[in-house]
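Below: one structure, written as structure tokens.
The values are calculated or read from the model by the stated rules, or taken from the named source; none is laboratory data. What you see is a predicted model; the values in this text were computed from it and never measured. Counting neighbours? That spans all protein chains shown, and the Cβs are built from the backbone with ideal geometry, glycine included. For the accessible areas, the whole protein counts, side chains as well, though only heavy atoms, and no ligand, DNA or RNA atoms are used. Shrake-Rupley method; radii C 1.70, N 1.55, O 1.52, S 1.80 Å.
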Amino acid sequence: MSFVLESRRVARIMNDPVRSVFLPEELFDTIDWICEHCRARYSWILRSKQTKSTMPKKAKKKQVTPERLMQFGFAYAPPLIIGAAASNKVFDSLESEPKTVEQISKETGASERGLRAIMNALVGLELLKKDRHEKYSLTPESAAFLLSKKPGTLAGFFPMNINRLIPLWLKLDEIVRTGRPAESRNREQPGTAFFTELVENIIPMSYGGAQLLGNALKLAKVKNEVHVLDLAAGSGIWGIVLAQKSPHVRVTAIDWAGMIPTTKRITQKYGVGDRFKFVEGDLLKADFGSGYDVATLGHILHSEGEERSRRLLKKTFGALKSGGTIAIAEWLVNDDRTEPLPSLMFAVQMLVNTEKGDTFSFKEIKLWLEEAGFKKVRKLDAPGPSPLVLATKP
């Protein structure tokens, strides 16, 4: 399998969370591709079985080659290419109509040589299309998620990834040797500067899950006020989406003092800022209050680590009213920590960036919730890296 084909496969795997919010016609295109792929794979399997039946019993073992490792060796390339294209306004310049490299160069000021190289690579990554007149255009995926002015865009994520995440990963050999992170971003300093830039760029990762949670809670049908506790709110997207479901929803957002201005700005941008209350402080020190119907922890436990997570769940239990629901979004791994791959790699992200962060299994989180007093611990299938984990206070 070539590097380009492997990149396409990885792109499809890593973009499962965002495909869930595609328009119907885009989803149908994806389903068509899956069906065609399955038919081709099934035909290959049949041919393979027929061939095997006619082969001698002592067939030669498949030769091991370095091809897969070489593909890993170039795996750094796709995010850097996408980031360079976003920084040089390639996707934005193609929003109105298809254009040639020369036209985009005049519009953006980027070199023709540089643009041609990355844009051809983006064609291989299925993020651009090129016609016989050498004009490039957006694909449904890049049009949905890589235009800088679209809500929930990922255009800012890739440049940020290059500047904020990758440099620390380059120190991984030393981090593994010492067991200490390159920078403790789960602490208020320097974490505030990092998360202020990060949270708005990763809204698409949580938006679909928050929508599904709001539907599962039937918020659109409520008649009385529903009080939501949004812990380590960041962008506030979990509380924002729930507030959009009903005018009766009221949200208390808790985060570091330096993060609150960002949360306020984004809640106002989405038109629900007047229904938010903001509390500054560390999660284990801040006054949560009490009597909440819902508490959300959107991708928080992995950076807190086991000890702080268990304490946080107990504190959250005390803040909920009887019958209240806790909703946890996390990068879940299986009990043996052998899959899924994105969650296993995210555990390394926690090694690089936190002192005690990790990814956890549903079994582990269920145990912690039950120790805190919760009942009916369950999964809710949702767009994103993993199902949501829900539990109820008796």
(request) Out of Val241, Val251, Val272, report the one residue that is open to solvent by less than 40 Å² (accessible area, probe 1.4 Å), β-branched (Val, Ile, Thr), under 18 Å from Ala319 (Cα atoms) and at pLDDT 95 or above. (result) Val251
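When the stretch 312-327 is examined, which residues are found to be among the polar types (S, T, N, Q) and open to solvent by 10 Å² or more (accessible area, probe 1.4 Å)?
Residues of the stretch 312-327 that are among the polar types (S, T, N, Q), as a first pass: 316, 322, 325.
Within the stretch 312-327, Ser322, Thr325 qualify.
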(request) Return the total of residues in the stretch 102-143 being open to solvent by 20 Å² or more (accessible area, probe 1.4 Å), closer than 27 Å to Ile202 by Cα and assigned to a helix (DSSP H, G or I). (result) 8
(message) in a strand (DSSP E or B) and of a type outside the set (Asp, Glu): is that true of Lys366 in this structure?
(response) no
(message) Yes or no: the stretch 304-311 includes at least one residue that is surrounded by fewer than 17 Cβ atoms within 10 Å (Cβ to Cβ), assigned to a helix (DSSP H, G or I), without any contact (Cβ under 8 Å) to a residue 60 or more places away in the chain and of a type in the set (Lys, Arg).
(response) yes
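Is one or more of the residues making up the stretch 218-236 under 15 Å from Gly298 (Cβ atoms) and in a helix (DSSP H, G or I)?
Pass one, the stretch 218-236, residues under 15 Å from Gly298 (Cβ atoms): 228-236.
Now drop any that are not in a helix (DSSP H, G or I), which leaves none.
For the stretch 218-236, residues under 15 Å from Gly298 (Cβ atoms) and in a helix (DSSP H, G or I): absent.
Name the residue, out of Leu344, Leu388, Leu380, that is within 18 Å of the chain's Cα centre (by Cα), surrounded by fewer than 19 Cβ atoms within 10 Å (Cβ to Cβ) and touching a residue at least 24 places away in the same chain (Cβ under 8 Å).
Values: Leu344 fails: touching a residue at least 24 places away in the same chain (Cβ under 8 Å); Leu388 fails: surrounded by fewer than 19 Cβ atoms within 10 Å (Cβ to Cβ).
After ruling out the rest, the residue left standing is Leu380.
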(request) Only residues that are within 20 Å of Gly156 (Cα to Cα) and hydrophobic (A, V, I, L, M, F, W, C): list them for the stretch 96-122, please. (result) Ile104, Ala110, Leu115, Ile118, Met119, Ala121, Leu122
